[in-house]
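Below you'll find the structure, written out as structure tokens, and then a few comments.
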Amino acid sequence: MESAGHQPVLIIVTLLISAFLSPLLYRWRKFLSGMVLLAALTGAFVTALTLLGQVARSGELSYYLGNWPPPWGIELVIDPLRVYMLLVVTGVSLWIFVYALRDLEHELHHDVIGWYYSLYALLVASMSAMTLTNDLFNLFVLMEICAISACAIITIKDKRECLEAGFKYLIMSAMGTGCFLLGVAMIYMVTGYLNFSFIQTGLAAALSEYPLNIFTAAALFIVAFGTKAALFPLHVWLPDAHASAPSPSSAMLSGLVIKIYAFALFMIFYRVFPRSLLDAIPLNEIILWLGAMGVMFGSIYAMLQTDLKKMLAYSSIGQIAFIFMGIGLDQPLALTGGLYHIMVHAFTKSMLFMSAGAIIYSTGVRRISDLAGIGRVLPIPLLAFTIGSASMIGLPGTGGLISKWYLALGALETGRIFFLLVILASSLLNAIYYMPIVINAFMSGDEFKEKVKTVPPSMQATLVVGILLVVISGIFSRQIIVLFEQALTSLY
Amino acid sequence: MDQASIIIIMVVIVALPVVMTPVLMYICRISDRLRNGLAILTAAATFILTLLLYPFIRDGGVVQQSLFEILPNLEISIHLDILSFSLAALASFIWLLCTIYSIDYMAKEHACSRYYPVLIFTLGACQGIFFAGDLFSLFVFFELMSIIAYILIIHEQTEEALKAGYKYLVMTIIGGLALFFGIIIVFEIGGTVSLGVGVIIGEPSLLALIAFICFLIGFGMKAGMFPLHVWLPDAHPVAPSPASALLSGVMLKTGAYGLIRVVFHVYSVDLLRSSGWNNILAILAVITILLGSAVALTQTDIKRRLAYSSISQLGYVLLGLSILNNNALTGAVFHIFSHAFMKSALFLAAGAIIWKTGIRNINDMKGLGRLMPVTMGSFSLAALAMIGIPPLNGFLSKWTLALGALDAGMPGYVMVLLISSLLNALYYLPIIIPAFFESPEGEEINDHGDEGSHEVLFKIKEATPLMLSAIVILALCTIFFGLTPNNIIFSLSRLTALFLLGGGSF
């Protein structure tokens, strides 16, 4: 394996530094502070692009932190799948941040915006590092940073419900990380390694000697990542947390944070666990059934909501479960669908939350029933909402269709038509709760009554970018799919 | 013409209306007249471009070209053969007339700046369906057309329209998911969904049967097949009349078109015959024919009666398709044309009546023939064609269908056709006869006050010339294509049937 340049660690360090700088600068020059973080995020995204170029040229790369070789030092690995995830993380967080610059002025108290920038930078830094790290203990540390900063960008809005939701999230999340740490300890006990690749060989040998330790560790991991990624039935914290947070936070949390854990679980399954372990106990089967239940229940709960952001939050539970179903089906095509859905849902749900944010920004309306006729006064946010809904349903021309296509193909390939029906049923349910909102917004005979404030151009522009992203991911998906196919064949 | 220019023309036919949609939206702000003119121009250009393909088709040309790979092994591609051409030409012709008709009809309506772009966009999507080269592209355009057509259906934005529209949308999504399911199974079994490879599924299997049923649900829903017709009688009447004419006259046919493609390009005729799956289609078609006609009898709203009649008429097409022999298929394709002319004429005429007098209830139409002789005359002509009175085109399609049924040794189907014709007569004649031979209730008292006058009074209060021209052209088509010795549409249908049954050549 070749060694990479310093770009991987540069991404993380730049973001960490800007996390320190932002609140300090904010006291001096408010505008500059935002620009510094914007520059850091842009830098991170561009660097991730150069990494993509490197991976395309020379395949898998690794980077030893502080030049300590594994198994002692921390290793960062750059392979196609990780770079894909890194690009999604940095790209989407850059996109959301442009929106946040204006929206936060409206949602937060002026004193805390500097701190918000800091937390945002920390969150992105930890997520970027989580995609790259090849070390279990390092992953644990990053999960903690991620969890705390994610919690803080909810509670930063000092409302009672935010504090309550943040607290619930913190407890659940701490439980998750606790489970993870226990699992790591058990793995360390039987193998003596923390590096993914070393563990994989070590576990294969240790499986026959210490099966119970390893099974317990596997169970702990499922609970840990299930909680963090809101896998049914461990999703209880999500609706409150995502719905009460400021809209950019909701977009980040629903769009990226839950997915990073789903991705981490994918990494644990295919990079840490040896094939013999996955064959020995039905881990994928458990994930598959939980995923299928999540898909159905998430949609059903969402149908019952009256608050727009709550509905979007419940819909996220259903959508994240698609990604888990991809892992659960344990088949390259289904994994392709699941991984692609990470990106599609990051685009779609972030855009939906941002358009909900724009609606709240300009009118203050949150109740779904009060949205009648709003499409005529806020055309761009509601157009974004419409396209987002189409992608959620999986209509042609949007990214949602591509991920569903591959998940369905994977389900057929493994001969499990039942799960294909689950996917189709969930599409129908999505249609049933998204469409009336759109119809009501554009076609209702009533005029919209509330007072309307114009949505700032930068927020409108991010929504337009979102529409383009969702449509492009539905049309020009071939390259990414081919990349997945190549990367995933190495797993089987 | 060489292949390359044919492909360019096809792409333009689909792209032109789609590109014109934002232009129309923009022009709306400047001038209404310009917008109307441009809408007609676009529809006319699409029609003329489609006709340009005729020489190529006459020589038995077939085009299959991949344009853009959306996923590995899954493309957006175009396909042209005689069936695509026939339907594309028909669709753009009806669209042109309906657009012309719309100009005056919609002048009184609200939200025209939404109506015209949507009308033209659906034309593009519809042509896309007929030119799609694989099931996936077909699915994309099918969904696009179905969902955008929703805006036409709920145009009035009344509670009733919104309710009907919602039902339509939910059914469309269900149909779309069924199609998705079917297509993905075909992809799984055959590794391709292209229409250019001949037969994709050659062996009967459980999955293949599931896929067939999924296609029946997806396309049958659109074609108003029993038991998935429930949206149709609500959705078609609430739309503005030119949109109803298009929905019933053209968009229903996309479902039938999809089924034809599935039967001949995904499965083979031999497979369907040997496995007997075509009987599923046949049984559903028979129920659809009888049920549609019977329920139409009970309707008093003219547009609802026409909508139910559409259900039964599409049943003829499906029946012809399920018999799987030359005459029956010719009849089915010819009936697609016939029904498009007849039903569009009927809906446009009904629209003119509603527009001019506000009458929707059939019982109030007494004496209307004296008020609006041209409209009612055209209506009568199209209605007589529906019943199947000899020189009209409806007779020709029923005759050919009946021949096909007899060829297949199924006299029962002929009985079904006869019963349905009888029912057609029962529900169309009570509209026509009172319209000409009875006097309007209370007319004498209100207008003249000279009670007891038995003079037949012609007080002409016709629709505008533009509207009439569209209605009359369609009505004349019903005679022309039933009577002419050199019936180009009939020979096209005959060639199409030969082409499909012969597996790609005449």
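The values are calculated or read from the model by the stated rules, or taken from the named source; none is laboratory data. For clarity, every value in this text was computed on a predicted model and none was experimentally measured. For neighbour counting, all protein chains shown are included, and Cβ atoms are generated from backbone atoms with ideal geometry for every residue, glycine included.
General remarks:
Conditions (1) surrounded by fewer than 24 Cβ atoms within 10 Å (Cβ to Cβ); (2) within 30 Å of B:N73 (Cα to Cα); (3) touching a Phe, Trp or Tyr at 6+ places or on another chain (Cβ under 6 Å); (4) more than 10 Å from every other protein chain (Cβ to nearest Cβ), marked per residue:
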residue: B:I103; (1), (2), (3), (4): yes, no, no, yes
residue: B:A107; (1), (2), (3), (4): yes, no, no, yes
residue: B:R114; (1), (2), (3), (4): yes, no, no, no
residue: B:P117; (1), (2), (3), (4): no, no, no, yes
residue: B:I120; (1), (2), (3), (4): no, no, no, yes
residue: B:L123; (1), (2), (3), (4): no, yes, yes, yes
residue: B:Q127; (1), (2), (3), (4): no, yes, no, yes
residue: B:F130; (1), (2), (3), (4): no, yes, no, yes
residue: B:D134; (1), (2), (3), (4): no, yes, no, yes
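- For the stretch B:264-319, the tally of residues that are in a helix (DSSP H, G or I) and acidic (D, E) stands at 1.
- Any hit, the stretch A:461-471, residues being of a type in the set (G, A, S) and within 18 Å of B:F136 (Cβ to Cβ): no
- Listed by position, the helices (runs of 4 or more DSSP H) enclosed by the stretch A:307-418 that each have at least 1 residues that are more than 12 Å from chain B (Cβ to nearest Cβ) and crowded, with 24+ Cβ neighbours inside 10 Å are A:308-329, A:332-363, A:379-393.
- Wholly enclosed helices (runs of 4 or more DSSP H) of the stretch B:185-260 bearing at least 2 residues among the aliphatic types (A, V, I, L, M), more than 19 Å from B:Q127 (Cα to Cα) and over 19 Å from the mean Cα position of the chain (by Cα): B:206-222
- Flag if A:S444 is touching a Phe, Trp or Tyr at 6+ places or on another chain (Cβ under 9 Å), surrounded by fewer than 21 Cβ atoms within 10 Å (Cβ to Cβ) and among the hydroxyl-bearing types (S, T, Y): no
- Within the stretch B:339-370, the set of residues being of a type outside the set (K, R) and in contact with a Lys or Arg (Cβ under 9 Å, 6 or more places away or on another chain) comprises B:H339, B:A340, B:F347, B:A350, B:G351, B:I353, B:I354, B:W355, B:T357, B:I362.
- Residues of the stretch A:437-474 satisfying the condition of being part of a loop (DSSP other than H, G, I, E, B) and hydroxyl-bearing (S, T, Y): A:S444, A:T454
- Failed item, numbered, when B:F93 is tested on (1) assigned to a helix (DSSP H, G or I); (2) within 14 Å of chain A (Cβ to nearest Cβ): (2)
- Residues of the stretch B:171-182 satisfying the condition of being facing another protein chain (nearest Cβ under 7 Å) and among the β-branched types (V, I, T): B:I173, B:I174
- Flag if B:I185 is within 11 Å of another protein chain (Cβ to nearest Cβ), in contact (Cβ under 8 Å) with a residue 24 or more places away in the chain and surrounded by fewer than 20 Cβ atoms within 10 Å (Cβ to Cβ): no
- The criterion of being away from every other protein chain (no Cβ under 12 Å) and either modelled with pLDDT under 90 or crowded, with 23+ Cβ neighbours inside 10 Å (or both) does not hold for B:Q157.
- Selected residue [in contact with a strand residue (DSSP E or B) (Cβ under 9 Å, 6 or more places away or on another chain) and either away from chain A (no Cβ under 11 Å) or modelled with pLDDT under 85 (or both)] from B:G190, B:G198: B:G190
- Single match in A:L463, A:L491 (criterion: in contact with a Phe, Trp or Tyr (Cβ under 9 Å, 6 or more places away or on another chain), of a type in the set (A, V, I, L, M, F, W, C) and surrounded by 19 or more Cβ atoms within 10 Å (Cβ to Cβ)): A:L463
- Unmet criterion (only one of (1) farther than 22 Å from A:Y99 by Cα; (2) of a type in the set (G, A, S); (3) touching a residue at least 24 places away in the same chain (Cβ under 8 Å)) for A:S473: (1)
- Those residues of the stretch A:152-203 which are without any contact (Cβ under 8 Å) to a residue 40 or more places away in the chain and buried (at least 19 other Cβ atoms within 10 Å of the Cβ), in sequence order: A:A152, A:T155, A:L170, A:M186, A:V190, A:T191, A:G202
- Hey, A:L139 at pLDDT 90 or above and either of a type outside the set (D, E) or under 18 Å from A:F20 (Cα atoms) (or both) or not: yes
- Number of the exception - B:P391 against (1) at pLDDT below 85; (2) closer than 15 Å to B:G482 by Cβ; (3) crowded, with 18+ Cβ neighbours inside 10 Å: (3)
- Number of the exception - A:D446 against (1) modelled with pLDDT of 85 or more; (2) within 12 Å of chain B (Cβ to nearest Cβ): (1)
- Within the stretch A:431-443, the set of residues being facing chain B (nearest Cβ under 9 Å) and either within 18 Å of A:V344 (Cβ to Cβ) or touching an Asp or Glu at 6+ places or on another chain (Cβ under 8 Å) (or both) comprises just one member, A:A431.
- For the stretch B:351-397, the tally of residues that are closer than 21 Å to B:F490 by Cβ and part of a helix (DSSP H, G or I) stands at 11.
- Residue in the stretch A:77-91 that is crowded, with 23+ Cβ neighbours inside 10 Å, more than 22 Å from A:M252 (Cβ to Cβ) and of a type in the set (A, V, I, L, M) present: yes
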